[in-house]
Amino acid sequence: MTAMPAVQAGGLVKRFGDFHAVDHIDLEVHHGEIFGVLGPNGAGKTTMLKMLATLLAIDDGRAEIFGVDVAAQPHRVRQLIGVTGQYASVDEDLTATENLWLFGRLQGLRSADARATARRLLEQFGLEEAAERQISAFSGGMRRRLDLAASLITRPPLIFLDEPTTGLDPRTRGQMWDTIRELVNDGCTVLLTTQYLDEADQLADRVCVIDHGRKVAEGTPDELKTQVGDSTLQLQLAPGADQERAREVVLRVLGEEPVTTPESGRLNVPLDVADRAADVLIALRGAAVAIASVSVAKPTLDEVFFALTGHGAGPGHGGPGDAGDPGDAGDPQTAGGPTGAVPDQDATGPDDHATEVTR
Ligand SMILES: Nc1ncnc2c1ncn2[C@@H]1O[C@H](COP(=O)(O)OP(=O)(O)OP(=O)(O)O)[C@@H](O)[C@H]1O
Ligand SMILES: [Mg+2]
């Protein structure tokens with residue numbers, strides 16, 4: 001079993017009418033690794049996960065989970081996987097204990113075993129004190145942890161996590177990452193989707209990037225980031241500054257096109273070496289381009305996307321329902337949570353330092 005890939009898929013296709021939500025994706029997830037699937041809203045992440053998890057029919061291509069064919073033997077595959085959805089799947093009116101007990105019973109555990117498992121999982125996920133509380137009173141982070149706990153009742157060797165930390169505050173995200181690492185230390189393999197480059201960076205051994213249902217890159221997080229430079233110079237031009245001249249200066253100094261947001265006067269410049277930021281600033285001053293603010297940051301997923309695909313990762317690139325103007329895709333001011341997040345009353349949203357898809 002050790003040498004067998006946890007997931008092996010070739011030419012996976014999912015069509016909705018004429019639209020290809022997943023378009024010939026090949027995927028191999030090694031036993032014991034954390035594999036991240038990165039992509040913007042509508043890229044096809046959830047659809048791909050659902051096909052691998054037997055929840056959606058595979059239209060073309062094939063997939064195996066630990067060597068078991070997904071289409072031919074869905075029942076066997078279901079015994080090998082745990083799935084935690086983008087939408088929490090727990091019942092609001094029940095308590096945490098009742099929920100886990102119910103999931104255990106649905107999975108065929110005897111009542112006493114289901115109760116013992118519920119107790120063990122609540123303890124493992126730091127939810128003992130909330131054990132007898134109704135889910136409706138849970139915070140976003142507690143819900144996510146309970147949802148993950150529910151998918152672990154039968155200790156499956158492969159766990160699918162669909163955006164496990166979207167909408168969580170930074171501390172709760174960190175706890176979730178620790179939990180996921182512990183699962184892998186215990187021998188699990190994890191396939192997760194995320195919109196956050198930093199999440200993939202911190203957590204995933206390998207990552208693939210998907211866009212419009214296609215795989216556009218694969219590698220370790222470091223390999224991915226070096227495709228867009230190690231860091232990014234973010235420039236906010238002063239009101240009235242000549243943006244075209246700024247673009248030309250950057251191109252002349254670095255030989256690279258900056259990613260511009262004309263409406264807000266922003267320029268993002270990939271840097272191989274952080275030192276080169278000074279060259280750009282000096283050249284801009286020489287060209288009399290006034291700057292309001294400057295920062296150097298890690299590349300954002302949007303920049304990874306831009307480098308890989310030549311377009312931004314915002315709405316307007318996802319699918320038939322997203323018929324937006326590609327020109328509106330790049331405003332970093334309006335970075336928002338994904339549409340499918342569990343509604344969190346008390347979560348403060350992603351960490352300020354988190355790099356995420358900008359829209
Ligand atoms: N049942 C369906 N019928 C028609 N179109 C669908 C269906 N499910 C998904 N799609 C479309 O397929 C595309 C991929 O959707 P999917 O949910 O897989 O994206 P995603 O990468 O998970 O996005 P998000 O980050 O928003 O969760 C989208 O354009 C979506 O509108
Ligand atoms: Mg999704």
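A few points about this structure:
- So L100, is it touching a residue at least 24 places away in the same chain (Cβ under 8 Å), of a type outside the set (G, A, S) and within 16 Å of ligand 2 (Cβ to nearest atom): no
- Unmet criterion (only one of (1) farther than 30 Å from L197 by Cβ; (2) modelled with pLDDT under 90; (3) outside any loop (DSSP other than H, G, I, E, B); (4) β-branched (V, I, T)) for V83: (1)
- Residue match in segment 50-70 (condition: surrounded by fewer than 16 Cβ atoms within 10 Å (Cβ to Cβ), among the hydroxyl-bearing types (S, T, Y) and not in a strand (DSSP E or B)): no
- Any hit, segment 165-175, residues being more than 16 Å from ligand 1 (Cβ to nearest atom) and of a type in the set (A, V, I, L, M, F, W, C): no
- Residues of segment 2-48 satisfying the condition of being under 18 Å from A72 (Cα atoms), within 16 Å of ligand 2 (Cβ to nearest atom) and crowded, with 23+ Cβ neighbours inside 10 Å: L12, M48
- Considering residues of segment 154-169 that are modelled with pLDDT under 85 and closer than 19 Å to N99 by Cβ only, the residue surrounded by the fewest Cβ atoms within 10 Å (Cβ to Cβ): R155
- Per the conditions (1) at pLDDT below 85; (2) buried (at least 17 other Cβ atoms within 10 Å of the Cβ), the sole criterion not satisfied by E256 is (2).
- Sole residue being surrounded by fewer than 19 Cβ atoms within 10 Å (Cβ to Cβ) and within 20 Å of L49 (Cβ to Cβ), chosen from Q195, Q124, Q107: Q107
- Residue match in segment 192-214 (condition: among the small types (G, A, S), within 28 Å of L121 (Cβ to Cβ) and under 14 Å from the mean Cα position of the chain (by Cα)): yes
- Inter-residue pairs, beta-carbon under 7 Å, first within 16 Å of G10 (Cβ to Cβ) and in segment 68-80, second charged (D, E, K, R) and crowded, with 16+ Cβ neighbours inside 10 Å, 6+ apart: V70/E64
- Segments classed as strands (runs of 3 or more DSSP E), wholly inside segment 220-303, with at least 2 members that are of a type outside the set (G, A, S) and under 30 Å from D205 (Cβ atoms): 231-237, 266-271
- Among (1) within 19 Å of the chain's Cα centre (by Cα); (2) more than 16 Å from ligand 1 (Cβ to nearest atom); (3) touching a residue at least 24 places away in the same chain (Cβ under 8 Å) - the single one G44 does not satisfy: (2)
The values are calculated or read from the model by the stated rules, or taken from the named source; none is laboratory data. Keep in mind the model is a prediction, meaning the values are calculated, not measured. No Cβ is skipped: glycine too gets one built from the backbone with ideal geometry, and neighbour counts run over all protein chains shown.
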